Amino acid sequence: MRRTVIAGNWKMNMTPSQTKKFIEELIPMVKDVNKCDIVLCVPFVDIAVACEAAKGSNIKIGAENVHFKESGAYTGEISAAMLKEIGTEYVIVGHSERRQYFGETDETVNLRTKAALAAGLKVILCLGEVKEERLSGITNEVVAMQTKLDLKDISAEELKNVIIAYEPVWAIGTGLTATPEQADETCGVIRNVICELYGKDAAENITIQYGGSMNENNAKELLEKENVDGGLIGGASLKTDKFTVIAQAANR
Ligand code: 13P
């Protein structure tokens, strides 16, 4: 049966010393959460400190991006092997902020996903429609196409290390949340595409998260939905008390 995964995406927040303090505070708060996985995806420079602080706890550490080349003249980029060696377990790929501000396309998202999987990282693959697409009624087509392009040439075996995060772009950082019904429906569309591509078992087993203004007040009803297997949380993952409430809501 698929795992529920609650992941924080810190984005460009928190220094290494703040990271250490945050994780030390969070550990006792979530120590009884055992029915879902807890992941914190943190800025590159915080990863080593985060891995050290989280050692022996039920908190796993991830990065927020990864480059698709193994090494070379790519100033400012970080490879999957670099992440792996310092203890990173997960990596976010294809976040809408990367697509929007840094020119990521489904093609580069696919390459990054493949590079991360080849290095033994687990991938949190983000996709979702923009507001105009939702308003024009083409959400299902958009997320189906993204799912297919982003997973191109990824095997069923590799897919076991992929989580999909459905993040409607209009709900990210806006305080607007998809209704539980919208989240359930669109995560269900993604699951159907996985079924088409990889078969029923893969579709049943893949974790599909919802992300976009999920917080301590709305998490429970979103997480109760059949097709919503967790959350990717931005703002509310920066406060230990809010993040704990969300993790506890998923711990059932
Ligand atoms: P917010 O929870 O701040 O809306 O961010 C969601 C997100 O982008 C997670 O990746």
Scan the stretch 199-235 for residues that are touching a residue at least 40 places away in the same chain (Cβ under 8 Å) and part of a helix (DSSP H, G or I) and jot them down. 202, 204, 205, 221, 222, 223, 235
Taking the criterion of being within 16 Å of the ligand (Cβ to nearest atom), part of a helix (DSSP H, G or I) and at pLDDT 95 or above, would at least one residue in the stretch 150-169 satisfy it? yes
Of the residues in the stretch 174-183, those that are crowded, with 18+ Cβ neighbours inside 10 Å and in a helix (DSSP H, G or I) come to 182, 183
Checking residue 46 against (1) assigned to a loop (DSSP other than H, G, I, E, B); (2) without any contact (Cβ under 8 Å) to a residue 60 or more places away in the chain; (3) of a type in the set (Asp, Glu): exactly one of these is not met. Which one? (1)
Go through (1) open to solvent by 60 Å² or more (accessible area, probe 1.4 Å); (2) more than 16 Å from the ligand (Cβ to nearest atom); (3) not hydrophobic (A, V, I, L, M, F, W, C) one by one and return the number of the condition residue 188 breaks. (1)
In the stretch 120-149, the residues that are under 19 Å from the mean Cα position of the chain (by Cα) and away from the ligand (no atom under 16 Å from the Cβ): 120, 121, 142, 144, 145, 147, 148, 149
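Here is a yes/no grid of residues against (1) among the aromatic types (Phe, Trp, Tyr); (2) touching a Gly at 6+ places or on another chain (Cβ under 7 Å):
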position	(1), (2)
1	no, no
12	no, no
40	no, yes
43	no, no
60	no, no
64	no, no
68	yes, no
74	yes, no
99	no, no
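Given 110, 9, which one is within 16 Å of the ligand (Cβ to nearest atom) and open to solvent by less than 60 Å² (accessible area, probe 1.4 Å)?
When all the criteria are applied, what remains is 9.
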Selection from the stretch 26-69 of residues that are of a type in the set (Val, Ile, Thr) and open to solvent by 20 Å² or more (accessible area, probe 1.4 Å): 27, 45, 49
Checked the stretch 121-173 for anything surrounded by 13 or more Cβ atoms within 10 Å (Cβ to Cβ), within 27 Å of residue 86 (Cβ to Cβ) and small (Gly, Ala, Ser); matches are 165
Any residue in the stretch 213-236 that is of a type in the set (Ser, Thr, Tyr) and either open to solvent by 10 Å² or more (accessible area, probe 1.4 Å) or more than 9 Å from the ligand (Cβ to nearest atom) (or both)? yes
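Within the stretch 85-105, take every residue that is open to solvent by 40 Å² or more (accessible area, probe 1.4 Å) and either within 16 Å of the ligand (Cβ to nearest atom) or in contact with a helix residue (DSSP H, G or I) (Cβ under 7 Å, 6 or more places away or on another chain) (or both) and give me the one that is farthest from residue 166 (Cα to Cα). Give the steps one after another, and end with the answer.
Step one: list which residues in the stretch 85-105 are open to solvent by 40 Å² or more (accessible area, probe 1.4 Å), which gives 85-87, 89, 97-103, 105.
Narrowing further to those that are either within 16 Å of the ligand (Cβ to nearest atom) or in contact with a helix residue (DSSP H, G or I) (Cβ under 7 Å, 6 or more places away or on another chain) (or both): 86-87, 97-102.
On the way: 86: 28, 87: 26, 97: 14, 98: 15, 99: 14, 100: 16, 101: 19, 102: 19 Å.
Out of the qualifying residues, it is 86.
The values are calculated or read from the model by the stated rules, or taken from the named source; none is laboratory data. Keep in mind the model is a prediction, meaning the values are calculated, not measured. Ideal geometry is used to build each Cβ from the backbone, glycine not excepted, and the neighbour counts take in all protein chains shown. Please note that ligands, DNA and RNA were not included when accessible areas were found on the heavy atoms of the full protein model with its side chains. Shrake-Rupley method; radii C 1.70, N 1.55, O 1.52, S 1.80 Å.
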